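Notes follow the structure.
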Amino acid sequence: MIAPSEFARRRLELMRMAGPDAALVVAAAPRRMRNADAAWPYRQDSDFHYLTGFPEPDAVLALLPGRGKGEVVLFCRERDPERERIDGARVGPEHAVARYGMDDAFPVEDIDDILPGMLEGRARLYCHFGRENEFDAQLLRWLRRLRAARGGGVVPREFVALGHLLHELRLYKSPAELALMRRAAKIAADAQRAAVQAARPGAAEYEVEAALLHAMRAHGAVPSYPPTVAGGANACVLHYTDNRARLARGDLLLIDAGAEMECYASDITRTWPVGGKFSREQRALYEVTLEAQYAAIEEVRAGCPFTAAHDAATRVIVRGLCALKLLSGGARAALKSGDHLRFFPHKTGHWIGLDVHDVGDYRVDDEPRLLEPGMVVTVEPGIYIPPDDVSVPSKWRGVGIRIEDDVAVDAHGNEVLTATLPKDVGEVEAIAAA
């Protein structure tokens, strides 16, 4: 759990970065309807959560730097017994100050009368303009109201993208954030173990998915993204989510599934042999993928470029595919031609944190970013032989393999947050056969 004092430190640092003549405004995620009167499960906006920990919609945070610590103001829904009987309890402005460390809180219904005056005289306004049309329109109304005020209010001269500052802060995970990510990783790893027990020949992919989701929810987590449960050639579809097909003995089963705890995500992929034993060809490709992942993880350490992990994985995969005669010629020629991209078409990783594909620049001054302690990345090489690729012998076709872990950079190298889920061949076969 993130302590209120950490949220306060984040707000203070962001205001310091923005400067005393700025204002910063962040809106909560709106509720989104699935259909008719049925809403999707609510999930707070990641930036709003990062700064507040406040879990409700219909809220706006205003950060007003100035002398000392500046001022932090929250606008949120008032308590309403009738609505709370339908939608559940609300925090209300009265409790927002004490519970979430705000300097002041007001009913969100009064925001049009209060917030414009808070923006008056500020040189710059930091916000996420262009993300939510309704909030954009409301923001412009406040500025028009301020400009039309008696005497002509002084409106901010610049609109500045908030992500430029805020997302740089989010890139570096604190000890408390890493603790939550370890917990999310452990839940996802245990859920995948449970799911594999349902992966018997003849079972449907959705039965495996059901076991996976049950194990996550039983530990208080939710999926951090729609799971991929892909048997056989379905694993060659990178973002397969139909999860409807039946599993056959001898298939490979690729499970890509993460858990989310208190908005922090994990992201794990493993590939399992249905029936408990890899075929010769499956094992050969699996071992190349695993070697590539180990080589990539070695490059996840402070001072290494973000791209080093992908480069290392690519070298191993190209060398392995050439050795298996799936690529013609030597490894150097295959790399130069890009022929390997038809079997390894994606990058090897991404930032992870409050979002599965988390915020943060991958390049600085047009150069690959150097990794630093506190950054967390995924490492996920894969090999996919399309079922209709007649350029390779039929025994290789329709095989898809990916192995993915979450890796945190620390002062001593790295920590594999998802290490509790085995991936070496013998352990994988033993789990799948159990």
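Please treat every number below as a calculation from the coordinates, not as lab data. Not measured: the values here are computed from a predicted model. Don't worry about glycine lacking a Cβ; one is built from the backbone with ideal geometry, like all the others, and counts go over all protein chains shown.
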On alpha-carbon atoms, Rg over Rh for the stretch 4-170 using Kirkwood Rh?
0.96
Taking the chain, the equivalent ellipsoid from its C-alpha gyration tensor has semi-axes in Å, biggest first, of 46, 25, 19
As straight-line cross-link partners of Lys395, the qualifying lysines (C-alpha separation under 22 Å, not fewer than 8 residues apart within one chain) are Lys277, Lys325
Among Ser46, Ala28, Ala323, flag the residue with its Cα farthest along the positive direction of the charge dipole of the chain, charges on Cβ as +1 for Lys/Arg and -1 for Asp/Glu.
Ala323
Amide N proximity, the stretch 358-386 versus Phe129 label position 7 Å along Cα-to-Cβ, cut-off under 13 Å:
none
What helix-only [θ] at 222 nm does the chain give? Using -39500 (n - 2.57) per DSSP H run of at least 4, over all residues, to the nearest 500, the answer is -11500 deg cm²/dmol
Counting pairs of Cα atoms in the stretch 1-70, how many percent are more than 14 Å apart?
62 percent
Let a ≥ b ≥ c be the square roots of the eigenvalues of the Cα gyration tensor of the stretch 61-157; is it rounded (a/c under 1.5), or, if not, prolate (a/b larger than b/c) or oblate?
prolate
